[in-house]
1. Quick check on my filter: what residues within segment 335-366 are within 16 Å of ligand 2 (Cβ to nearest atom), closer than 17 Å to Leu281 by Cα and in a helix (DSSP H, G or I)?
2. Residue under question is Pro81, and the condition is that it be away from ligand 1 (no atom under 16 Å from the Cβ), within 20 Å of the chain's Cα centre (by Cα) and not aliphatic (A, V, I, L, M); does it hold?
3. Which is aliphatic (A, V, I, L, M) and assigned to a loop (DSSP other than H, G, I, E, B), of Leu238, Leu214?
4. For segment 343-362, state whether one or more residues are surrounded by fewer than 20 Cβ atoms within 10 Å (Cβ to Cβ), in contact with a Cys (Cβ under 8 Å, 6 or more places away or on another chain) and over 30 Å from Asp253 (Cα atoms).
5. Can you tell me which residue is surrounded by the fewest Cβ atoms within 10 Å (Cβ to Cβ) among those in segment 18-67 that are within 16 Å of ligand 1 (Cβ to nearest atom) and among the β-branched types (Val, Ile, Thr)?
6. Restricting to segment 1-29, count the residues that are more than 16 Å from ligand 2 (Cβ to nearest atom) and in a strand (DSSP E or B).
7. Evaluate segment 81-89: report whether one residue or more is away from ligand 2 (no atom under 16 Å from the Cβ) and more than 15 Å from Gln159 (Cα to Cα).
8. Limited to segment 84-103, what total is found for residues that are in a helix (DSSP H, G or I) and either within 16 Å of ligand 1 (Cβ to nearest atom) or on the phi > 0 side of the Ramachandran plot (or both)?
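The values are calculated or read from the model by the stated rules, or taken from the named source; none is laboratory data. Computed from a predicted structure; not experimentally measured. Positions of Cβ are backbone-derived with ideal geometry, glycine not excepted, and every protein chain shown enters the neighbour counts.
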Amino acid sequence: MNIDAYRRKYAYGEDYGTSDFKFGPITLGEVPDIIENRGYMPDTSSIMYKITGEVKRVVVGPEIPFYLEAREDLTQRMVYPMRNGIVEKNDERAWSVIYEITKYGLQKHASKTSDFNGFYVTAALSIISPKYMYERIFEVHERVDEETGLVKAVTIIPQPLAVAIAQKKPTCVVLESGHGNTQISPISRYPIRRAILTINRGGNDANIITAEILKDNGYGDLAQEEKLVRMVKESIGLVPRDLDQAIQKAKEDPDRFRAVFKVPGTKIVIDLGENSWMRFLIGEYIFDPTHEIFESYWKRGMPRPRDVKVGDTIVSGVMDMADAIIEAVQRCPVELQPYLYREVLLSGGNFAWKVPEEMKDVVVDAAEKIKLMMDRKGIGGVKVTLTKDPQYSVWRGCIVYSVAVPDEYEWNWERMEGWLKLH
Ligand SMILES: Nc1ncnc2c1ncn2[C@@H]1O[C@H](COP(=O)(O)OP(=O)(O)OP(=O)(O)O)[C@@H](O)[C@H]1O
Ligand SMILES: [Mg+2]
């Protein structure tokens, strides 16, 4: 087998997300493997470890629940290495988690075929990743390869580029909305750096308002549990075509819009009853938190999406998404702008809002919502595409990239492209 055939056979993708790490080889097909991007540092001084002789510094993946000690310092021992897609430069605990999840994935999917001599790994990072992130991600792979021989070559690409690649759209605007934030990247062959905009609003903010709604409805104790809040959000949260109309309809006919969630494996049932209209606030908050109704939540102390400062411009955490697209496109050459509006791609789990069949008159999906918002700003004819399984499109782009970039193309720090060969 020649080297490029080998590379295509052993293509491997990694999408480092704030909440979830998506990873795995080309043989998985459409859906990657997925674990939470977190690690647990057990207290190895405990007597159990002395008896069993086990030395485990960082636990990741599905093993975590078996190590959880019934302790109050759980939050100190559980490390979530990323904030808005970024790992702090000198946060060694965080980097050790990145190392462990990377190694976990590669070892889990190591091929047993006799010709296997390591993967061609494409890793995807946030578009706003500083250079040290690239350096350290390379180092992590070097270390894993030294120990296991599982990485033949590695390269790194920005997440929005991965999406454009997976959709085969060289000219487009990609909105990548994950747990931490939303990256808006005009792309013309490569992301146009000076036009990129990041809004500090993502799935986590939808969790925050969901928790607030739970509290207001008497489920304050449940609102403490991050994982549960996320489940409730994904189950009852809806994106309204028009918030005011949706609220009005739901108040007139609460039964049709009733938000009920039964916590799996327990006897707990969450029921918003008369307040079921509040489910529309969850989806709307992601797309457009400028509606006055959200003011009252902030006034009562709900944390507001923070502003981000990039260079000398400040991007408001509560900017609506249509304004953000327009702002990003307007930073591109005028001649290019019409082509960018023609192709808007939505990816990331925070765009995966569902549309119950019986509510189609009031509820829309993410693509329809953005289109409506653009129309209202006077920009018609925008084609908005929601990628299939939006949470996985970055990973799919990584696989396509591993397959497409020839082996002789070596990593170059100026171009930020090519393979770094490890063995
Ligand atoms: N069906 C759904 N409805 C609403 N939200 C969803 C749905 N499915 C997933 N999400 C949300 O998407 C987020 C995770 O998406 P994704 O995996 O793209 O983020 P990430 O890659 O971990 O984060 P980031 O890209 O910001 O670093 C979570 O907040 C999750 O609750
Ligand atoms: Mg992501």
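1. Passing the criteria: Asn350, Phe351, Ala366.
2. no
3. Leu238
4. Yes - at least one qualifying residue is present in segment 343-362.
5. Val31
6. 3
7. Within segment 81-89, one or more residues are away from ligand 2 (no atom under 16 Å from the Cβ) and more than 15 Å from Gln159 (Cα to Cα).
8. 5
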